[in-house]
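For reference, the structure is listed below as structure tokens.
The values are calculated or read from the model by the stated rules, or taken from the named source; none is laboratory data. Every value quoted in this text rests on a predicted model; they were computed, and no experiment measured them. Every residue, glycine among them, receives a Cβ derived from its backbone with ideal geometry; neighbour counts consider all protein chains shown.
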Amino acid sequence: MAKLVNLFVHVLLTCCVLVLASGSSGNLPILSFDEGYSHLFGENNLMIHRDGKSVHISLDERTGAGFVSQDLYLHGFFSASIKLPADYTAGVVVAFYMSNGDIYEKNHDELDFEFLGNIRGKDWRIQTNIYGNGSTSVGREERYGLWFDPSEDFHQYSILWTENQITFYVDNVPIREIKRTKAMGGDFPSKPMSLYSTIWDGSDWATNGGKYRVNYKYAPYVAEFSELVLHGCTVDPIEQSSTKCDNAQSFKSIPTGITSEQRTKMEGFRKKHMQYSYCYDKIRYKAPPSECVIDPQEAERLRGFDPVTFGGSRRRHGKRHHRSRSSRAEATSI
Ligand SMILES: *[C@@H]1O[C@H](CO)[C@@H](O)[C@H](O)[C@H]1NC(C)=O
């Protein structure tokens, strides 16, 4: 893989007229698994369904499982319909994300959807996060509840990544928008990434900061994926062809803007369902990272939800358990 790094010096893009109905995978091509993806880990725990397009991955006492896109992408629209495991899923993590951590060990980029399992009767929560150029010391997590039970049916989760903006969608509702600011510098993901889907044991942190661990009595935990969309600019270090994305012309034509109707939905979602935002975490950040725009009403709502984290009370300070991998927020509330 290290060889790829040198080849990126001559990043050459095959590309892509990106025609996107904001956040909708509408008519975007759905590749068969074999066309677009490779099995990443978890030998017998990945199963391709008969249609060749849907797949499930599972976690049992031996292993989790995952798959990865065959290509690397610089920008695009990435989407999957996912049905999460039901009932007792504490400690289980399903992740749908982009990363180049295998190529850039010290300065990788990442864009995450992470689904955090829960004890029976409590809902799954989802977390989004970004890292850019190895910015793992600054976690930019947000966590939300959902307006449906994600284990009951398939729902669409999408990531739109352009040069200046990242949008996370759930069922075509934008739930988070990250605009590149100058002050963010390299913290905004900007190198080609692969798309990953994984299921793994996150016992140490996923549910109530590790209080509830994976219980293998209920295994296997099965996550189903369908309608997998990879619609971006592939970066092919071997073929070295074409440059349409290079001049950004095609990106200018992407309707990346969120319509006013969608914006209203996004604001409604965030008011109702956001349970954690790094921008308001006074324990982690004395001053919020530069891109944060603090809304006093939001601050007050979150303070009501968790006075320790969002109120900056030091009562529990020092007792908090820190995960070894980066400063990723603990998933504390259940
Ligand atoms: C990314 O990280 C590398 C290595 O740490 C550094 O040389 C480079 O300037 C950084 N790029 C940006 C855009 O910050």
As an exercise: evaluate ALA86 against (1) within 16 Å of the ligand (Cβ to nearest atom); (2) of a type outside the set (Phe, Trp, Tyr); (3) at pLDDT 95 or above and give the number of the one condition it does not meet. (1)
Listed by first then second residue, the pairs whose first member lies in the range 99-111 and is farther than 10 Å from LYS191 by Cβ, whose partner is within 12 Å of the ligand (Cβ to nearest atom) and small (Gly, Ala, Ser), with beta carbons under 6 Å and at least 6 positions apart or on separate chains, are LYS106/GLY134
If we only count strands (runs of 3 or more DSSP E) wholly inside the range 41-96, which ones have 2 or more residues that are within 27 Å of TYR212 (Cα to Cα) and in contact with a Leu (Cβ under 8 Å, 6 or more places away or on another chain)? 55-59, 65-69
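Considering only the range 123-136, I want to know if a residue exists there that is aromatic (Phe, Trp, Tyr), within 16 Å of the ligand (Cβ to nearest atom) and surrounded by fewer than 23 Cβ atoms within 10 Å (Cβ to Cβ). Can you show your working first?
Residues of the range 123-136 that are aromatic (Phe, Trp, Tyr), as a first pass: 124, 131.
Right, trim to within 16 Å of the ligand (Cβ to nearest atom) and you get 131.
Among the residues that remain, those that are also surrounded by fewer than 23 Cβ atoms within 10 Å (Cβ to Cβ) are: none.
Checked the range 123-136: no residue is aromatic (Phe, Trp, Tyr), within 16 Å of the ligand (Cβ to nearest atom) and surrounded by fewer than 23 Cβ atoms within 10 Å (Cβ to Cβ).
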For the range 193-212, state whether one or more residues are within 16 Å of the ligand (Cβ to nearest atom), under 17 Å from the mean Cα position of the chain (by Cα), touching a residue at least 40 places away in the same chain (Cβ under 8 Å) and farther than 28 Å from GLY121 by Cβ. yes
Would the range 158-171 turn up any residue that is buried (at least 19 other Cβ atoms within 10 Å of the Cβ), within 16 Å of the ligand (Cβ to nearest atom), modelled with pLDDT under 95 and not in a strand (DSSP E or B)? no
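Conditions tested, residue by residue: (1) over 16 Å from CYS279 (Cβ atoms); (2) assigned to a loop (DSSP other than H, G, I, E, B); (3) touching a residue at least 40 places away in the same chain (Cβ under 8 Å); (4) under 16 Å from the mean Cα position of the chain (by Cα).
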{"site": "ASP123", "(1), (2), (3), (4)": "yes, yes, no, no"}
{"site": "ILE126", "(1), (2), (3), (4)": "yes, no, yes, yes"}
{"site": "THR136", "(1), (2), (3), (4)": "yes, yes, yes, yes"}
{"site": "GLU152", "(1), (2), (3), (4)": "yes, yes, yes, no"}
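Right, GLU105: among the acidic types (Asp, Glu) and touching a strand residue (DSSP E or B) at 6+ places or on another chain (Cβ under 8 Å) or not? So that I can check it myself, show each step before the final result.
Values: among the acidic types (Asp, Glu): yes; touching a strand residue (DSSP E or B) at 6+ places or on another chain (Cβ under 8 Å): no.
So GLU105 fails the test.
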Go through the range 62-87 and give me each residue that's among the hydroxyl-bearing types (Ser, Thr, Tyr), within 15 Å of the chain's Cα centre (by Cα) and more than 21 Å from THR234 (Cα to Cα). SER81
Residues of the range 137-153 being out of contact with any strand residue (DSSP E or B) (no Cβ under 9 Å at 6 or more places or on another chain) and away from the ligand (no atom under 16 Å from the Cβ), which ones? ASP149
Inside the range 173-189, the number of residues satisfying the requirement of being within 13 Å of the ligand (Cβ to nearest atom) and buried (at least 18 other Cβ atoms within 10 Å of the Cβ) is 5
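Right, PHE148: within 15 Å of the chain's Cα centre (by Cα) and hydrophobic (A, V, I, L, M, F, W, C) or not?
Numbers: within 15 Å of the chain's Cα centre (by Cα): no; hydrophobic (A, V, I, L, M, F, W, C): yes.
In short, no.
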